[in-house]
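**Q** I'd like to ask some things about the structure below.
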Amino acid sequence: MTALQIRDVPEPVRARLAELARERGLSLQSYLLDLVSDEVRRQDNLAVLRRFGEGRHGTRLTRADILSPLHQARAARDETIRDEWPETRPESE
C-alpha cells in the first residue's frame with residue numbers, strides 16, 4: 001500500500017479530524033482513509049451519472065418518452081379497477 005502525506009495542515013483542522021475519528025471509534029489514519037475512499041467512490045459515481053446524462057451510455061429516451069406510457073398505463077389500470085369494482089369509485093363520480 002502507498003502512504004500519503006499532507007503538509008501544512010492547520011492545527012485546528014487536525015484536532016477536529018482527530019475528534020471526529022474518536023467519535024467514530026477510529027484512529028485518525030483509519031478515519032482519513034475512510035474519507036479519502038468515500039470521496040473516490042463519490043467521484044466515480046458522479047462520472048457514471050455524467051456519462052448517462054450525456055447520453056453516451058444507457059438510454060437516449062427523454063423523460064417524457066418514459067413517463068407518457070407509464071401515465072397511460074396507470075390511467076388504463078385505474079379505469080379497469082373502477083369498471084370491475086364500482087364500489088372503489090370516489091363519491092364525486
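What follows is calculated from the coordinates using simple rules that are stated; it is not laboratory data. All values reported here derive from a predicted model rather than from experimental measurement.
**Q** Which ³J(HN,Hα) values, rounded to whole Hz and listed in residue order, are derived for the range 24-40 from phi using the Karplus coefficients 6.51, -1.76 and 1.60 in 6.51 cos²θ - 1.76 cosθ + 1.60 with θ = phi - 60°, glycine and proline given as x?
**A** 9, x, 10, 6, 4, 4, 5, 4, 5, 5, 4, 4, 5, 4, 4, 5, 4
**Q** At 222 nm, what helix-only mean residue ellipticity would the chain give, in deg cm²/dmol to the nearest 500, using -39500 (n - 2.57) for each DSSP H run of four or more?
**A** When only DSSP H runs of four or more count, the value is -22500 deg cm²/dmol.
**Q** Then there's this: For the range 8-23, take each phi angle, set θ = phi - 60°, evaluate the Karplus expression 6.51 cos²θ - 1.76 cosθ + 1.60, and give the result in whole Hz per residue in order, putting x for glycine and proline.
**A** 6, 7, x, 4, x, 5, 4, 5, 5, 4, 5, 5, 4, 4, 4, 4
**Q** In the range 8-47, what is the volume of the convex hull around the alpha carbon atoms, normalised per residue and reported in Å³?
**A** Output value, Cα hull per residue: 78 Å³.
**Q** What number results when the radius of gyration of the chain, computed over Cα atoms, is divided by 2.2 N^0.38 Å?
**A** Dividing the Cα Rg of the chain by 2.2 N^0.38 Å gives 2.16.
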